[in-house]
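The values are calculated or read from the model by the stated rules, or taken from the named source; none is laboratory data. Every value quoted in this text rests on a predicted model; they were computed, and no experiment measured them. Cβ: placed from backbone, ideal geometry, glycine included. Neighbour counts: every protein chain shown.
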Amino acid sequence: KKKIILDCDPGMDDSMAIIMACKSDALEVKAITAVNGNYRVDVTSKNALKVLELIGRTDIPVGKGMPEPMVRKCPKDPFTHGKDGQAENNLPDPVTPLSDKNAVELIIDTVKANPGEIYILCTGPMSNVAMAMKKAPEIKEMIAGIYAISGAFGLNRYAYTNATGDTPQSEWNVYVDPEAADIVYNSGVKLVALGLDVATHFDVNLTDEDIRMLEESDKPEAKFFLQAVHFVNERGFEAYCAVIDCMAVGYAIDATLVKTISGHVGIETKSDLTLGMTVLDRRHHFVWESLPVVEIGESADYERFLKLLMKLVLA
Ligand code: BDR
Ligand code: CA
């Protein structure tokens with residue numbers, strides 16, 4: 001089993017990622033750490049607990065994360081995940097307590113207790129992971145890899161931005177905390193960035209048969225998923241919006257789901273116009289080799305990804 005920490009900002013799609021990860025036999029979820037992003041960390045940490053209670057996995061510790069991004073204030077998410085941050089599933093308030101350790105401590109301790117074995121899945125801004133690396137730089141050599149829903153690289157005709165209203169060029173998770181992304185991208189840890197190029201794809205849509213199977217299931221997580229799809233559809237979005245972050249979990253389970261290319265990437269941390277932009281140096285000559293090399297999702301097998309997601313939700 002691959003040991004993972006899921007660092008997330010639930011978020012309906014982060015919640016679906018939690019469900020998918022916890023139900024996969026291929027993964028062992030050692031900790032969930034919550035961060036500011038889709039909502040403030042008070043809400044996202046509670047939402048993580050709510051999902052774990054929904055699927056009966058309260059054995060997994062949840063650490064509450066950084067109160068703010070590394071150097072900025074957290075912007076407000078223009079794309080609402082609903083009043084509860086979970087597509088108005090309105091799950092009951094959790095009775096399970098948060099871990100005594102905050103997210104940064106939980107990341108450091110979990111990595112140190114499993115040197116060379118932990119993969120960190122980042123489905124929110126990278127504030128917690130960057131702070132963990134800053135506080136305990138020695139963990140960088142002990143992290144097996146990072147799979148992140150991060151960036152937009154302009155590799156296909158799909159979205160370049162979803163920080164709608166804030167910048168015409170940035171993906172939300174990087175936009176919220178560009179300085180954190182800069183630290184993590186430059187950390188030397190093997191990073192796979194699954195950006196909007198692969199994670200927001202119109203081919204990720206449910207068939208009538210999928211909907212029927214979810215409706216017939218008595219699993220609470222199937223109902224959660226249906227409500228999330230209904231929620232995004234009602235607002236004029238396709239089903240993929242409800243499962244963006246699941247791509248990182250899919251990749252952790254089966255890396256053949258996503259084809260990647262490697263390239264030098266820089267993070268914009270200064271310009272208002274392009275704050276949080278992930279700049280891929282695509283030149284053949286004169287490439288800025290000082291920029292870190294990152295694996296970037298270029299295309300994915302959406303049919304197999306959806307099959308895996310459906311199988312795990314219904315299991
Ligand atoms: C990210 O935006 C958030 O709304 C989603 O949870 C996802 O992690 C994609 O840019
Ligand atoms: Ca997210």
Item to check | Condition met for ALA26 (out of contact with any Asp or Glu (no Cβ under 7 Å at 6 or more places or on another chain) and either among the polar types (S, T, N, Q) or touching a residue at least 40 places away in the same chain (Cβ under 8 Å) (or both)) | outcome: yes
Item to check | ALA21 vs. criteria surrounded by 18 or more Cβ atoms within 10 Å (Cβ to Cβ), small (Gly, Ala, Ser), in a helix (DSSP H, G or I) and within 16 Å of ligand 2 (Cβ to nearest atom) | outcome: yes
Item to check | Every residue from segment 200-240 that is touching a helix residue (DSSP H, G or I) at 6+ places or on another chain (Cβ under 6 Å), crowded, with 22+ Cβ neighbours inside 10 Å, modelled with pLDDT under 95 and not β-branched (Val, Ile, Thr) | outcome: LEU206
Item to check | Within segment 1-18, tally of residues that are within 14 Å of ligand 1 (Cβ to nearest atom) and part of a strand (DSSP E or B) | outcome: 3
Next on the checklist: Looking only at segment 24-60, count every residue that is within 14 Å of ligand 2 (Cβ to nearest atom) and either in contact with a Cys (Cβ under 6 Å, 6 or more places away or on another chain) or aromatic (Phe, Trp, Tyr) (or both) and tell me the total.
Outcome noted: 2
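Could you count how many residues in segment 107-159 are part of a helix (DSSP H, G or I) and either of a type in the set (Ser, Thr, Tyr) or at pLDDT below 95 (or both)?
Final tally of qualifying residues: 2.
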Checklist entry - Do we have any residue at all in segment 172-181 that's surrounded by fewer than 20 Cβ atoms within 10 Å (Cβ to Cβ) and more than 15 Å from the chain's Cα centre (by Cα)? => result yes
Checklist entry - With PHE286, PHE305 as the choices, which residue is in contact (Cβ under 8 Å) with a residue 60 or more places away in the chain and either assigned to a loop (DSSP other than H, G, I, E, B) or over 21 Å from ALA130 (Cβ atoms) (or both)? => result PHE305
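Scanning for something among the hydroxyl-bearing types (Ser, Thr, Tyr), within 15 Å of ligand 1 (Cβ to nearest atom) and within 27 Å of ILE5 (Cβ to Cβ), does segment 290-313 turn up at least one residue?
No, the conditions are met nowhere in segment 290-313.
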Checklist outcome for this item: Counting only helices (runs of 4 or more DSSP H) entirely within segment 207-273, those with at least 2 residues that are away from ligand 1 (no atom under 16 Å from the Cβ) and in contact (Cβ under 8 Å) with a residue 40 or more places away in the chain are 208-216, 220-234
Checklist entry - What is the number of the single condition among (1) within 14 Å of ligand 2 (Cβ to nearest atom); (2) assigned to a loop (DSSP other than H, G, I, E, B) that PHE202 does not meet? => result (1)
Checklist entry - Assuming VAL204 fulfils every condition listed in (1) within 19 Å of VAL294 (Cβ to Cβ); (2) within 14 Å of ligand 1 (Cβ to nearest atom); (3) out of contact with any Ser or Thr (no Cβ under 9 Å at 6 or more places or on another chain); (4) of a type in the set (A, V, I, L, M) apart from one, which condition is it? => result (1)
Next on the checklist: Looking at segment 177-199 only, could you name the residues that are part of a helix (DSSP H, G or I) and at pLDDT 95 or above?
Outcome noted: PRO178, GLU179, ALA180, ALA181, ASP182, ILE183, VAL184, TYR185
Checklist entry - Within segment 26-78, can you find the residues that are of a type in the set (Gly, Ala, Ser), closer than 15 Å to ALA130 by Cα and within 14 Å of ligand 1 (Cβ to nearest atom)? => result ALA34, GLY37
